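One structure below.
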Amino acid sequence: GPAASRERRAGVVGALPGRPEPSVPPSGVSCSGCGAELQCRDGAQPGFVPADKYRSLEESPAGLRGAVCQRCWLLAHHGRALRLQLPPEQHRRVVSAALQRPARHGRGPLLLYLLDVLELPDPLLPQLPELLSPEVPAAGVLVVGTKVDLLPADSPGHLGRLRQRLEAACAQAGLGRDALVDVRLVSAKTGFGLEGLVSRLQRSWKCAGDVYLLGATNSGKSTLFNALLRSDYCKSRAPDVVDRATVSPWPGTTLNLLKFPIINPTCDRIFRRQERLKEEALKTEDQLSSEEKRHLNRLKKQGYLVGEVGRTFQRQKSSPLIEFDPDMLSYSIDEDPSHSHKKPKEKEEFTYNEVKDARWCFDTPGIVKENCVLNLLTDKEVKLVMPAKAIIPRTYILKPGMVLFLAALGRVDYLQGEKPAWFSVVASNLLPVHISTLSNADAIYEKHAGEELLKVPMGGKERMKEFPPLVPQDITLKGVGTTEAVADIKLSSAGWVAVTAHKEEELLLRAYTPKGTELVVREPPLLPCISSIRGARIAGTAAYRTKKPPSLVENLKTMKNS
């Protein structure tokens, strides 16, 4: 049951080097990465530093100031996120409590709710209206669809269509026109849509108090927080100051919240910003410096939609601490902390006047999604499953009696139909897709789950013993034509398979996901024309060659002749 899987996950935490020392009182010093109070009492709680490291830090000249907890250290160095668990019930209580603080400047809080567009329909969206209880005169919810850079444009106007999907999902979740401030599409990673989001947030300054970032784990919340921190949205000195002044306790938990002060968008500031944006929009790619070009090309490799080019460089002279400066990471798991002989930099603190009338932007702990396949995976496996780069769709043409595996996390059987149909996989490029016949499928899973061929889960028979079995669900679909998918079969958070079939053609499919995870049939599909993004058929196989559409940069002038 869920308790067991929670213990298994906690096991990941416990298995790390570094023992707790329950008798040592918490330090009163905040982790410079996540803001939690540093402590060595309990490895599963926020702010944990193994006891031996904790002691050697206490004895060092700088003490614990500027140190990071084990979780942040692992995130920065190994990309191993130790999951910080706040069960949904507790999370809801905690968020409601925060929102019921007295309104600041006579204005209710604005909720900035992030959802990963790949995850639609979003299971947490329907819980938002209950957070906005009548006692809380909230300024409303601004819904931000993140990670749009990962999805290829399957047809002209695909962003407009995604935005409509998002609006429809909000309406269905009971977020009425009065509560919903706006719906935006962004990529915090490539900067796409960020300038527009900042302008929109600045426009709502007059009617909103503090701003809270909410979203599921893995929805890209910290990435957005870091991006806003470096944008015109944040008081200009703040990136250098995400230290004590910017951390505040999160009611009901030992967790501290990271926050930064939001700048008051005066007429003069807004004018200067518009001038900068106008000037940037006149640049063409050829006019960028070689450093900017390199940066841009790196972003184009990562995503299909790129934004925020010019400004990235002026500001990054003073890199915010949140981005983890390796010198500040005061301990290493495999070596003793090296005491750097550099004098600790004087950190700027905010002056009283800057803080007194500030509105703050708070980050909140990620909400853990229930029934999600990611909860069953190790951190190494999660890294393979969560797409980090622009997704290249993989299309196969299957006849009845054929089976498609997505790693060992999902399976789709084409049981009955008159004609072949197209199955397009939208998932991390690192996850293997394997095609087999119905008669061989069970044997393939039996033999290869946990092994290299199917890749995730990894760890062989041992790992598969504790992994839940795949359970089937029958699905009937009716084709709408060879250029448009009829539905997406969403295999929990592992990815989805868009099914395209001849008009009026009836298909019987059977889809599988691990027991306890959710399989969703998404009608209409998110990217209806996805099967058109393909090359020629590969002779003798069910597969087509893949094709990567070009990337689009939003705020540069495009050359007409290119």
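The values are calculated or read from the model by the stated rules, or taken from the named source; none is laboratory data. Just so it is clear, the structure is predicted and the values come from calculations on it, not from any experiment. Here the Cβ positions follow ideal geometry from the backbone for every residue, glycine too, while neighbour counts run over all protein chains shown. When the accessible area is computed, the model is the full protein with side chains, heavy atoms only, and any ligands, DNA or RNA have been set aside. Shrake-Rupley method; radii C 1.70, N 1.55, O 1.52, S 1.80 Å.
Within the set of pairs 6+ apart or on separate chains, which have a first residue in the stretch 500-518 that is over 19 Å from LYS419 (Cα atoms), a second that is part of a strand (DSSP E or B) and of a type in the set (Gly, Ala, Ser), and C-beta atoms under 7 Å apart?
Every condition considered, the pairs that remain are TYR512/GLY410; THR513/GLY410.
Being over 21 Å from LEU118 (Cβ atoms), of a type in the set (A, V, I, L, M, F, W, C) and at pLDDT below 80 is true for just one of ALA179, ALA208, ALA227. Which residue is that?
Of the residues listed, the single one that is over 21 Å from LEU118 (Cβ atoms), of a type in the set (A, V, I, L, M, F, W, C) and at pLDDT below 80 is ALA208.
Within the set of pairs 6 or more residues apart or between chains, which connect a residue that is in the same structural domain as GLU506 (by the TED database) inside the stretch 419-442 to a residue that is among the β-branched types (Val, Ile, Thr) and part of a loop (DSSP other than H, G, I, E, B) with Cβ atoms less than 6 Å apart?
Once the first residue is in the same structural domain as GLU506 (by the TED database) and sits in the stretch 419-442, its partners that are among the β-branched types (Val, Ile, Thr) and part of a loop (DSSP other than H, G, I, E, B) give VAL426/ILE391; ASN429/ILE392.
A quick yes/no check of all residues on (1) among the β-branched types (Val, Ile, Thr); (2) surrounded by fewer than 22 Cβ atoms within 10 Å (Cβ to Cβ); (3) assigned to a strand (DSSP E or B); (4) in contact with a strand residue (DSSP E or B) (Cβ under 8 Å, 6 or more places away or on another chain):
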position	(1), (2), (3), (4)
ALA390	no, yes, no, no
PHE423	no, no, yes, yes
HIS434	no, yes, yes, yes
SER439	no, yes, no, no
ILE444	yes, yes, no, yes
ARG463	no, yes, no, yes
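Counting only residues that are at pLDDT 80 or above and aliphatic (A, V, I, L, M), give me the helices (runs of 4 or more DSSP H) lying completely in the stretch 13-131 with at least 1 of them.
The helices (runs of 4 or more DSSP H) meeting that bar are 51-59, 128-131.
For the subset of the stretch 535-552 comprising residues that are touching a strand residue (DSSP E or B) at 6+ places or on another chain (Cβ under 7 Å), open to solvent by 70 Å² or more (accessible area, probe 1.4 Å) and modelled with pLDDT of 95 or more, which member is farthest from THR395 (Cα to Cα)?
It comes out as ARG537.
Give the residues of the stretch 169-210 that are over 19 Å from the mean Cα position of the chain (by Cα), assigned to a strand (DSSP E or B) and surrounded by 20 or more Cβ atoms within 10 Å (Cβ to Cβ), sorted by residue number.
Within the stretch 169-210, VAL181 is the sole residue that qualifies.
Within the bounds of the stretch 116-138, is there any residue that is open to solvent by 30 Å² or more (accessible area, probe 1.4 Å) and more than 24 Å from ARG93 (Cβ to Cβ)?
Yes; the residues of the stretch 116-138 include at least one that is open to solvent by 30 Å² or more (accessible area, probe 1.4 Å) and more than 24 Å from ARG93 (Cβ to Cβ).
Taking the stretch 493-534 on its own, how many of its residues are touching a helix residue (DSSP H, G or I) at 6+ places or on another chain (Cβ under 8 Å), farther than 21 Å from LYS548 by Cα and part of a loop (DSSP other than H, G, I, E, B)?
3
Count, please, the residues in the stretch 17-65 that happen to be of a type in the set (Ser, Thr, Tyr), open to solvent by 30 Å² or more (accessible area, probe 1.4 Å) and closer than 25 Å to PRO365 by Cβ.
Adding up the residues that qualify gives 1.
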